[in-house]
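Novice: Okay, here's the structure, questions in a sec.
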Amino acid sequence: MTGLRRSGYELDLGIHTIRGTGVSLGEKSQAGGARTSALLFDTDDRLSPLGAGRGYWRYVPHPEGVRFITGYDYEPGYGAIGRVLDRLLIRRIVWRMTAWSFDRLRLWAEGEAEPEQIRWWRFGGPRARARNCLSEPEGRSTRHVMTDAPEALTRIEDHD
């Protein structure tokens, strides 16, 4: 299979940096000009609240601009306590961080600012807001986000 890309990721929390690995695959030739990226990710970091997971990002042309759609799922870290924390708090935080980053990407794509200039607080430049993002696409008939996962994700899972 061609097109698979391996990478590393880091999340600096100030007192600790979580590091992990990922495998991604992008598809550029889809009906209507849509593009999709699919990703598997994992970490050996015992302090990470997220374990192994998978996700996708879809970019769909829309009359008002570009619509970004994402879905992801992961195994919670920290064992049984982590599963409880994930249901109560962590998934909500991960959703907000993901939504904020997509609104930041939207501001950049619309030419409002470079990503480095976009803030999550009120002062000093353009502000990205998680509330600008829907938590579910319109018309979804199921509550599980991975129902709409692209075929590319299955190809990565089969290959990796």
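Values quoted throughout were computed directly from the atomic coordinates according to the rules given, and no laboratory measurement underlies them. Remember, predicted model here, so these are calculated numbers, not experimental data. So basically every Cβ, Gly included, is an ideal-geometry build from the backbone, and we count neighbours across all protein chains shown.
Novice: With θ taken as phi - 60° and the coefficients 6.51, -1.76 and 1.60, list the Karplus ³J(HN,Hα) couplings across the stretch 89-103 in order, rounded to whole Hz; mark glycine and proline as x.
Specialist: Karplus values, whole Hz, x for Gly and Pro: 9, 5, 4, 5, 5, 4, 4, 5, 5, 5, 4, 4, 5, 6, 5.
Novice: Related question: At a 10 angstrom cut-off on C-beta neighbours, averaged per residue, how do the peptides 31-41, 107-117 rank from highest to lowest?
Specialist: So the order, starting with the most tightly packed, is 31-41, 107-117.
Novice: Once the stretch 29-94 is represented by equal point scatterers at the alpha-carbon sites, with solvent omitted, what log10 I(q)/I(0) does the Debye formula produce at q = 0.22, 0.27, 0.28 Å⁻¹?
Specialist: Each listed q corresponds, in turn, to -0.88, -1.12, -1.17.
Novice: Ok, one more. With a ≥ b ≥ c the root eigenvalues of the C-alpha gyration tensor of the stretch 1-63, is it rounded (a/c under 1.5), prolate (a/b larger than b/c) or oblate?
Specialist: prolate
Novice: Based on the mean of other beta carbon atoms within 10 Å per residue, what is the order of 96-103, 3-10, 46-53, most packed first?
Specialist: So the peptides 96-103, 3-10, 46-53, ranked by packing, come out 96-103, 46-53, 3-10.
Novice: With r defined as the distance between the Cβ atoms of Ala113 and Arg67 and R0 fixed at 22 Å, what FRET efficiency is calculated, to the nearest 0.05?
Specialist: Efficiency, from the Cβ-Cβ distance: 0.65.
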